[in-house]
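**Student:** Below you'll find the structure I mean.
The values are calculated or read from the model by the stated rules, or taken from the named source; none is laboratory data. Given the structure is predicted, the values throughout are model-derived calculations rather than measurements. Please note: Cβ atoms are built from the backbone with ideal geometry, for glycine as well, and neighbour counts cover all protein chains shown.
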Amino acid sequence: MKILLDTHAFLWWIGNDGRLSDVARAAISDVGNEVYFSAVSAWEMAIKTRSGKLSIHSELMGFLTKHLGRNAFAVMPISLTHALQITKLPPLHRDPFDRMLVAQAQVEKARLVSKDPEIAKYAVDICW
């Protein structure tokens, strides 16, 4: 099964944060699942580190390379199909990063690991 991580799920996983649910933790650690980190999450993290809303104690590229490799997470690029899927989403949530994650999960038929109740309003398979 394809698993797509919301940005907070990725950060909570690599930080072994107790806020990550047991169900999400099991899905991520299941070797039978393909776990993906979206390029949109990297974009979100870059913006938030630059603005001071997210503190990474190293250079972001090195941080991501290290943790993606250590966890064998694949990177999901943003495709034209993903971008166009956004036009099919109802206006339930204004966050462009979350909307892209929903679009990617829909197109790729992936379970989206997210605690965000706004994301759960969409027609998307949530894992939490």
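**Student:** Going by what's in this entry, would Met1 be described as in contact (Cβ under 8 Å) with a residue 60 or more places away in the chain, surrounded by fewer than 15 Cβ atoms within 10 Å (Cβ to Cβ) and not aromatic (Phe, Trp, Tyr)?
**Tutor:** On the way: in contact (Cβ under 8 Å) with a residue 60 or more places away in the chain: yes; surrounded by fewer than 15 Cβ atoms within 10 Å (Cβ to Cβ): yes; not aromatic (Phe, Trp, Tyr): yes.
It is true that Met1 is in contact (Cβ under 8 Å) with a residue 60 or more places away in the chain, surrounded by fewer than 15 Cβ atoms within 10 Å (Cβ to Cβ) and not aromatic (Phe, Trp, Tyr).
**Student:** Does any residue of the stretch 92-112 turn out to be basic (Lys, Arg) and touching a Cys at 6+ places or on another chain (Cβ under 8 Å)? Walk me through it before giving the result.
**Tutor:** So the first thing to find is which residues in the stretch 92-112 are basic (Lys, Arg), and the list is 94, 99, 109, 111.
Now narrow it down to the ones that are touching a Cys at 6+ places or on another chain (Cβ under 8 Å): 111.
Yes, the stretch 92-112 contains at least one residue that is basic (Lys, Arg) and touching a Cys at 6+ places or on another chain (Cβ under 8 Å).
**Student:** Would you mind telling me which numbered condition in (1) crowded, with 17+ Cβ neighbours inside 10 Å; (2) free of Cβ contacts under 8 Å to residues at least 60 places away in the same chain; (3) over 12 Å from the mean Cα position of the chain (by Cα) Ala27 fails?
**Tutor:** Condition not satisfied by Ala27: (2).
**Student:** If Val75 meets every condition in (1) closer than 23 Å to Val31 by Cβ; (2) free of Cβ contacts under 8 Å to residues at least 40 places away in the same chain; (3) touching an Asp or Glu at 6+ places or on another chain (Cβ under 9 Å) apart from one, which number is that one?
**Tutor:** (3)
**Student:** Moving on to the next point. Identify the residue in the stretch 88-128 that is in contact (Cβ under 8 Å) with a residue 60 or more places away in the chain and acidic (Asp, Glu) and, among all such residues, is surrounded by the most Cβ atoms within 10 Å (Cβ to Cβ).
**Tutor:** Asp98
**Student:** If you don't mind, another one. Determine, yes or no, whether Leu80 is modelled with pLDDT of 95 or more, of a type outside the set (S, T, N, Q) and in contact with a strand residue (DSSP E or B) (Cβ under 7 Å, 6 or more places away or on another chain).
**Tutor:** Details: modelled with pLDDT of 95 or more: yes; of a type outside the set (S, T, N, Q): yes; in contact with a strand residue (DSSP E or B) (Cβ under 7 Å, 6 or more places away or on another chain): no.
In short, no.
**Student:** Look at Val113 and say whether it is under 19 Å from Met1 (Cβ atoms), in contact with a strand residue (DSSP E or B) (Cβ under 6 Å, 6 or more places away or on another chain) and modelled with pLDDT of 95 or more.
**Tutor:** yes
**Student:** From the residues in the stretch 28-58 that are part of a helix (DSSP H, G or I) and among the polar types (S, T, N, Q), which one is farthest from Trp12 (Cα to Cα)?
**Tutor:** The residue in question is Ser51.
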